[in-house]
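The values are calculated or read from the model by the stated rules, or taken from the named source; none is laboratory data. Source: prediction; values computed, not measured. Cβ: placed from backbone, ideal geometry, glycine included. Neighbour counts: every protein chain shown. For accessibility, only protein heavy atoms count, side chains too; no ligands or nucleic acids. Shrake-Rupley method; radii C 1.70, N 1.55, O 1.52, S 1.80 Å.
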Amino acid sequence: MAEIRKLRLHKKGWQMVLSPLEEDVLNVLWKREEARVRDVHAHLSRRKRIALTSVAVTLARLHKKKAVQRRVETGRGGPHYLYTPLNGRAEFERSIIDSAVNRLISSFGSGAVTYFNERFGRRGRDD
């Protein structure tokens with residue numbers, strides 16, 4: 001499960017937990033399944049001007065958030081990381097929702113649980 005430390009409730013969708021560049025990088029990895037920093041950079045730089053170091057830092061940040069895994073591969077030019085998304089898009093989205101709900105419950109305890117039961121229990125009866 002992705003490790004979400006900060007929720008930006010004033011944003012929508014992925015932007016609640018990811019920067020625009022993090023979202024772009026993950027989209028590249030979901031399409032390619034596995035890539036080096038240079039591969040992701042090459043793909044993104046077709047659309048916009050971006051530094052290779054920005055992509056490297058972003059991938060390291062996504063690794064810290066447990067959104068991607070990496071392994072070292074030795075090749076021409078020395079060792080480099082190969083990045084792979086830990087989950088597919090749907091699983092990642094679910095982990096964001098799960099993380100948000102868990103944070104609300106840990107912050108507000110039984111009040112949050114009561115709210116969810118009332119809110120979503122009612123929805124099931126009304127449908």
Report task. Can you spot the lysines whose alpha carbon is less than 19 Å from K31's alpha carbon? Ignore those fewer than 8 places along the same chain. Result -> K48, K66
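Mind checking the per residue accessible area of the chain for me, 1.4 Å probe, whole number of Å²? Let's see the in-between values first.
Working: 8640 Å² over 127 residues.
Averaged over the residues of the chain, the accessible area is 68 Å².
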Report summary line: R76 and T114 label points (each 7 Å along its Cα→Cβ direction) are spaced in nm at 6.6 nm
Query raised in the report: How far apart, in nm, are the 7 Å Cα→Cβ label points at R38 and A100?
Result: 3.9 nm
Query raised in the report: Rounded if a/c is under 1.5, else prolate if a/b beats b/c, else oblate: with a ≥ b ≥ c from the C-alpha gyration tensor eigenvalues square-rooted, which is the stretch 16-93?
Result: oblate
Query raised in the report: Taking the simple approach of a point 7 Å from Cα along Cα-to-Cβ for both R89 and S19, what is their distance in nm?
Result: 2.3 nm
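Quote to one decimal, in nm, the extra length available between K48 and L7 on full extension: 0.36 nm per residue of separation minus the C-alpha distance between them.
Details: separation 41, 0.36 × 41 = 14.76 nm, distance 2.67 nm.
Difference between extended and current length: 12.1 nm.
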Query raised in the report: With a sphere of radius 14 Å drawn around the Cβ of T58, what net charge do the other residues whose Cβ falls strictly inside it have (Lys, Arg +1; Asp, Glu -1)?
Result: +3
Query raised in the report: Excluding I4 itself, what net charge comes from residues whose Cβ is under 11 Å from its Cβ, given Lys and Arg +1 and Asp and Glu -1?
Result: +4
Report task. Before rounding to the nearest 500, sum -39500 (n - 2.57) across all DSSP H runs of length at least 4 in the chain and divide by the residue total; then give [θ] at 222 nm in deg cm²/dmol. Result -> -18500 deg cm²/dmol
